[in-house]
1. How many residues does segment A:34-63 hold that are more than 17 Å from residue A:10 (Cα to Cα) and under 10 Å from the mean Cα position of the chain (by Cα)?
2. Being in a loop (DSSP other than H, G, I, E, B) and either at positive phi or surrounded by 14 or more Cβ atoms within 10 Å (Cβ to Cβ) (or both) narrows it down to one of B:50, B:30, so name that one.
3. How many residues are more than 14 Å from chain A (Cβ to nearest Cβ), touching a strand residue (DSSP E or B) at 6+ places or on another chain (Cβ under 8 Å) and assigned to a loop (DSSP other than H, G, I, E, B) if we restrict to segment B:73-94?
4. Taking residue A:62 as meeting all but one of (1) away from chain B (no Cβ under 12 Å); (2) part of a strand (DSSP E or B); (3) farther than 24 Å from residue A:1 by Cα, write down the number of the exception.
5. What is the residue count in segment B:74-98 for residues that are buried (at least 18 other Cβ atoms within 10 Å of the Cβ) and under 30 Å from residue A:56 (Cβ atoms)?
6. Could you please find all residues in segment A:1-12 being modelled with pLDDT under 95 and either on the phi > 0 side of the Ramachandran plot or away from chain B (no Cβ under 14 Å) (or both)?
7. Any idea which of B:70, B:28 is more than 21 Å from residue A:40 (Cβ to Cβ), modelled with pLDDT under 95 and more than 9 Å from every other protein chain (Cβ to nearest Cβ)?
8. Take residue B:108 and tell me if it is within 28 Å of residue A:91 (Cβ to Cβ), within 11 Å of chain A (Cβ to nearest Cβ) and not in a loop (DSSP other than H, G, I, E, B).
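The values are calculated or read from the model by the stated rules, or taken from the named source; none is laboratory data. All of these numbers come straight from a predicted model, not from anything done at the bench. Neighbour counts are summed over all protein chains in view; Cβ atoms, including those assigned to glycine, are modelled from backbone coordinates with ideal geometry.
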């Protein structure tokens, strides 16, 4: 298995909702990442997990809460989002944090209404 | 501060042409450079990864070169096809523990 799987593919949520994005990989990668991408822009790093521990938080608002329950799974919990948070959320993994190539998932298209 | 630039922002070519996409970076002290492809509304597909000690990498019709001293990388696509239409992103990793720094991408359209 050489894929990063993200669910759901599309999500519409209200500003008072709580939802979660899920990311899964079975490549034995020990680093996992969340990126946010707006239209016509490159991806922006949000969080890095290395060996299931949060290594980097790029000053992301607390309405985004990441979780890494095990080495294969990464979640992003969403609460009280704003319309400007609408974007494509990408998950990626690499063999380890530092110097290795990335494998990206197909993303979750999030719309906040 | 490392900055990555991709020129042109958009490119339209007829099918069958060989083409070159450019990526430049301001600091030559990089650890590696990765080229990605992104179809509209989709995730990124890794095309080629070049370590700082390498000069080029090849995969099928794709060839990526790296010239650290001049701060440039090129992605060469041979015999372009309509299926190559996508946005191509290059990303630089400054050091093993650093994050990827992306260029703005080149949107490629290959016309039948």
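1. First, the residues of segment A:34-63 that are more than 17 Å from residue A:10 (Cα to Cα): A:40-63.
Next cut, under 10 Å from the mean Cα position of the chain (by Cα) only: A:45-48.
Summing the residues that are more than 17 Å from residue A:10 (Cα to Cα) and under 10 Å from the mean Cα position of the chain (by Cα) in segment A:34-63 gives 4.
2. B:30
3. 4
4. Looking at each condition in turn, residue A:62 falls short on (2).
5. 9
6. Taking segment A:1-12 first, the residues modelled with pLDDT under 95 are A:1-3.
Scanning segment A:1-12 gives a single hit, A:1.
7. After ruling out the rest, the residue left standing is B:28.
8. no
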